[in-house]
Amino acid sequence: MVIQVDSREHKSEWDRIRRQFDRAGAEYFRSKLWVGDYMSLDNPRLIIDRKKDLQELIGNVTQQHERFQAELVRAQKAGINLIILCEHGADITELTDVYFWHNPRLDITRWITEDGKPRKVKKYPKATKGESLYKSLCTIRDKYGVRFEFCTKQETGQRIMELLEVRQ
């Protein structure tokens, strides 16, 4: 199997995954992909889009919704099975875990002065909750046929190789 890696993959993230590929003896090359980040030349209809954590997914689903949706539509129209591989960590191993995830941004506070008195307020009171993100991801899964997989940063290279070997 030869893996094509999107040339726009962030350098520090790619360096980490490249080392994992090298340790496993994987063959790869870098070139721009139309959709996603990783593809096996043996199965160009299966592509992995890597996300560094749930916060990046939240950004894609909320602030970058139009760009993200356009990519999902491109994949769907091209008959591509898209897997979103989120490197969140050991506490999120499957999609249902997202429902119970507590967004740490909800705990960030700051001090303000109101009527001459200091008080603590939440810095991000509208931060996305796990329950809301879960519902959004389920909608994306059902509407665009996307599969969500999860891993730790230490497992990413191995998971990419495993997922790309699966025939769909």
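Key figures for this structure:
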read-out	value
Checklist (1) surrounded by 18 or more Cβ atoms within 10 Å (Cβ to Cβ); (2) over 15 Å from GLY157 (Cα atoms) applied to SER40, failing item	(2)
Search result, residues across region 1-55 that are touching a Phe, Trp or Tyr at 6+ places or on another chain (Cβ under 7 Å) and among the hydroxyl-bearing types (Ser, Thr, Tyr)	TYR28
Yes/no for GLU87 being over 26 Å from ALA70 (Cβ atoms), touching an Asp or Glu at 6+ places or on another chain (Cβ under 9 Å), surrounded by 12 or more Cβ atoms within 10 Å (Cβ to Cβ) and of a type in the set (Asp, Glu)	no
Residue match in region 21-42 (condition: over 15 Å from SER7 (Cβ atoms) and touching a Pro at 6+ places or on another chain (Cβ under 9 Å))	no
Some residue of region 12-22 being within 22 Å of LYS135 (Cβ to Cβ) and not aromatic (Phe, Trp, Tyr)	no
Residue pairs meeting the criteria (Cβ under 6 Å; at least 6 apart or on separate chains; first within 10 Å of ASP37 (Cα to Cα), in region 7-19; second charged (D, E, K, R) and part of a loop (DSSP other than H, G, I, E, B))	SER7/LYS32; GLU9/ASP37
Test: residue in region 91-107 that is among the aliphatic types (A, V, I, L, M), at pLDDT 95 or above, in contact with a helix residue (DSSP H, G or I) (Cβ under 7 Å, 6 or more places away or on another chain) and under 30 Å from ARG23 (Cα atoms)	yes
Unique match (being of a type outside the set (Phe, Trp, Tyr) and either in contact with a Ser or Thr (Cβ under 8 Å, 6 or more places away or on another chain) or farther than 23 Å from LEU46 by Cα (or both)) among ILE108, ILE80	ILE108
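The values are calculated or read from the model by the stated rules, or taken from the named source; none is laboratory data. Since the model is a prediction, treat every value here as computed from it, not as a measurement. Neighbour counts are summed over all protein chains in view; Cβ atoms, including those assigned to glycine, are modelled from backbone coordinates with ideal geometry.
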